[in-house]
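For reference, the structure is listed below as structure tokens.
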Amino acid sequence: MRLVDTIKNIWKIEDLRQRLVITFLLVLVYRVGCYVVLPGIDPNQLAAMKDFTSGGLMQLLDMFSGGAFSQASIFALGIMPYITASIVIQLLGMVMPYFQKLQREGESGHMKINQYTRYLTVLILILQAPAYLYNLEYQVNSAHAGTMVLDAWSKTYMTIILAAGSMFIMWLGERITDKGVGNGISFIILIGIIARFPGAISEEFVGRISDAQGGLVMLVVELIVLFAVIAGAVLLVQGTRKVPVQYAKRIIGNKQYGGARQYIPLKVNAAGVMPIIFAQAIMFIPLTLAGFGSQGQASSFVQALTNMQGFWYNLIYFLMIVAFTYFYTAITVRPTQMADDMKRNNGFIPGVKPGKKTADYLDSIMSRITLPGSIFLGIVAIMPAFASICGVKHSFAQFFGGTSLLIMVGVVLDTLQQIESHLLMHHYDGLMKSGKLKGRTTGQGY
């Protein structure tokens, strides 16, 4: 009954109702576009492409595009080029004074950074689209599913279409952020992942039921482990540690409050799912350099970095996640700014001098709590490899951790948090009976 009452309350709020409807319509446009095949491509010849993306890193790339990659859709390259461009721009913001200056200029600097990100996205698309078309041609011809010959003109106009498709997805994401509910770019990735879940769980169910030797028991065990991993991912995204801050005096309007104890909530994983997305985008680079080519023709180095069950892939992936967790925490949590804000508000941490000492103290606390958070994040990220080793089908194993699970958890929590904010603002009960629903309150999010 509470769920029904909550849905009724959501529908009563006109602004929230409009946002949900707009989000649904924009997502519907995206999903329809995923089935629009590139002009000049015979859909009957795409069976080889679907086989090529049925496992390994290519399956994950196909998942992020909502199946558009294997269907040679106009949205085949998905949103990952934009995310890759965003990563590069944020890295430049750490090392180049010009981008550091833009980051400090507020809204005008943010608009300029977005402009550079779009330019870089187009450049990446111009490089990735021909590689995708080359691989599509190779896969169809090598599988003897027909003859596909793409001349220079065909590859040129298809490259333009693929680039335009990805830029259109980016525009849809921005409209969802502005007019809908949740972070648009993250929401589009979430929809692509969820679209693959029913097929994955059905395949696993059929496989286990057909196994006469305890197949049903193993399926129950898998589901229990899956829920346990989801619970751990929720704790990882929401987990906070409170650092006490004693406010000697706080003036709000004409009222004075003395001796009230406040807390600074420092998250165990302040970076959210961004390290996972960063690391995964980097791991896609070998595929781009190899031209999305055949694994048989790829070098041993490329094969090692595209084998999701391999030791070297998971080791490098794990280390990159730990490193990116520290990196993204450093650019989203600024101890110096926090210390200055506390000093201006006459606040202090008991036993720590205001100013630089407070900033150093907060930085040391963040370093300590980020380490276990980053390690746990890395372990959750490589869980699909262990699930596959234990006999779980690869398509279903992707949901036992890794990028897909953490993106789902992070985006769902963010979206629910926005919905709950609308409910509480209009004096309705929130989505939870008790406590407060917490999402990722730091970071840009995708």
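The values are calculated or read from the model by the stated rules, or taken from the named source; none is laboratory data. Everything quoted here is computed from the prediction, not taken from an experiment. For neighbour counting, all protein chains shown are included, and Cβ atoms are generated from backbone atoms with ideal geometry for every residue, glycine included. Heads up: the accessible areas ignore ligands, DNA and RNA and are worked out on the full protein's heavy atoms, side chains in. Shrake-Rupley method; radii C 1.70, N 1.55, O 1.52, S 1.80 Å.
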Quick one: would you say residue 158 is out of contact with any strand residue (DSSP E or B) (no Cβ under 9 Å at 6 or more places or on another chain), closer than 23 Å to residue 19 by Cα, at pLDDT 85 or above and of a type outside the set (Asp, Glu)?
no
Kindly indicate whether any position in the stretch 127-140 is farther than 30 Å from residue 413 by Cα and within 21 Å of the chain's Cα centre (by Cα).
yes
I need the full set of residues from the stretch 114-131 which are closer than 20 Å to residue 171 by Cα, open to solvent by less than 70 Å² (accessible area, probe 1.4 Å) and in contact (Cβ under 8 Å) with a residue 40 or more places away in the chain, in order please.
121, 122, 124, 125, 128, 129
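Residue-wise test of (1) buried (at least 20 other Cβ atoms within 10 Å of the Cβ); (2) among the aliphatic types (A, V, I, L, M); (3) under 21 Å from residue 222 (Cβ atoms).
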residue	(1), (2), (3)
308	yes, yes, yes
330	no, yes, no
339	yes, yes, no
350	no, no, no
378	yes, no, no
Go through the stretch 389-419 and report how many residues are open to solvent by 30 Å² or more (accessible area, probe 1.4 Å) and more than 26 Å from residue 178 (Cβ to Cβ).
5
Taking first residues from the stretch 9-20 that are farther than 14 Å from residue 177 by Cα and second residues anywhere that are assigned to a helix (DSSP H, G or I) and charged (D, E, K, R), the pairs with Cβ under 6 Å that are 6 or more apart or on different chains are 11/17
Can you find even one residue in the stretch 157-168 that is surrounded by 15 or more Cβ atoms within 10 Å (Cβ to Cβ) and more than 26 Å from the chain's Cα centre (by Cα)?
yes
Out of 171, 153, report the one residue that is free of Cβ contacts under 8 Å to residues at least 24 places away in the same chain, closer than 21 Å to residue 38 by Cα, surrounded by fewer than 23 Cβ atoms within 10 Å (Cβ to Cβ) and under 20 Å from the mean Cα position of the chain (by Cα).
171
What do you reckon, is residue 276 touching a Gly at 6+ places or on another chain (Cβ under 9 Å), within 27 Å of residue 391 (Cα to Cα) and either at pLDDT 80 or above or open to solvent by 80 Å² or more (accessible area, probe 1.4 Å) (or both)?
no
Restricting to the stretch 67-97, name every residue that is assigned to a helix (DSSP H, G or I) and among the aromatic types (Phe, Trp, Tyr).
82
Does any residue of the stretch 184-201 turn out to be in a helix (DSSP H, G or I), within 20 Å of residue 75 (Cα to Cα), touching a residue at least 60 places away in the same chain (Cβ under 8 Å) and of a type in the set (Ser, Thr, Tyr)?
yes
If you check 239, 192, 182, which single one turns out to be open to solvent by less than 30 Å² (accessible area, probe 1.4 Å), modelled with pLDDT of 80 or more and out of contact with any strand residue (DSSP E or B) (no Cβ under 6 Å at 6 or more places or on another chain)?
192
Out of the residues in the stretch 54-66 meeting the condition of being outside any helix (DSSP H, G or I) and open to solvent by 10 Å² or more (accessible area, probe 1.4 Å), tell me which one is modelled with the highest pLDDT.
54
Could you please give the count of residues in the stretch 136-183 that are hydroxyl-bearing (Ser, Thr, Tyr) and either in a loop (DSSP other than H, G, I, E, B) or under 28 Å from residue 28 (Cα atoms) (or both)?
5
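Okay, residues lined up against (1) open to solvent by less than 60 Å² (accessible area, probe 1.4 Å); (2) assigned to a helix (DSSP H, G or I); (3) in contact with a Lys or Arg (Cβ under 8 Å, 6 or more places away or on another chain); (4) more than 23 Å from residue 417 (Cα to Cα):
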position: 4; (1), (2), (3), (4): no, yes, no, no
position: 9; (1), (2), (3), (4): yes, yes, no, no
position: 17; (1), (2), (3), (4): no, yes, no, no
position: 27; (1), (2), (3), (4): yes, yes, no, no
position: 32; (1), (2), (3), (4): no, yes, no, yes
position: 35; (1), (2), (3), (4): no, no, no, yes
Tell me, please, whether a residue that is free of Cβ contacts under 8 Å to residues at least 60 places away in the same chain, closer than 30 Å to residue 104 by Cα and over 21 Å from the mean Cα position of the chain (by Cα) can be found in the stretch 366-376.
yes
Mind counting the residues in the stretch 101-113 that are open to solvent by less than 60 Å² (accessible area, probe 1.4 Å) and closer than 20 Å to residue 87 by Cβ?
3
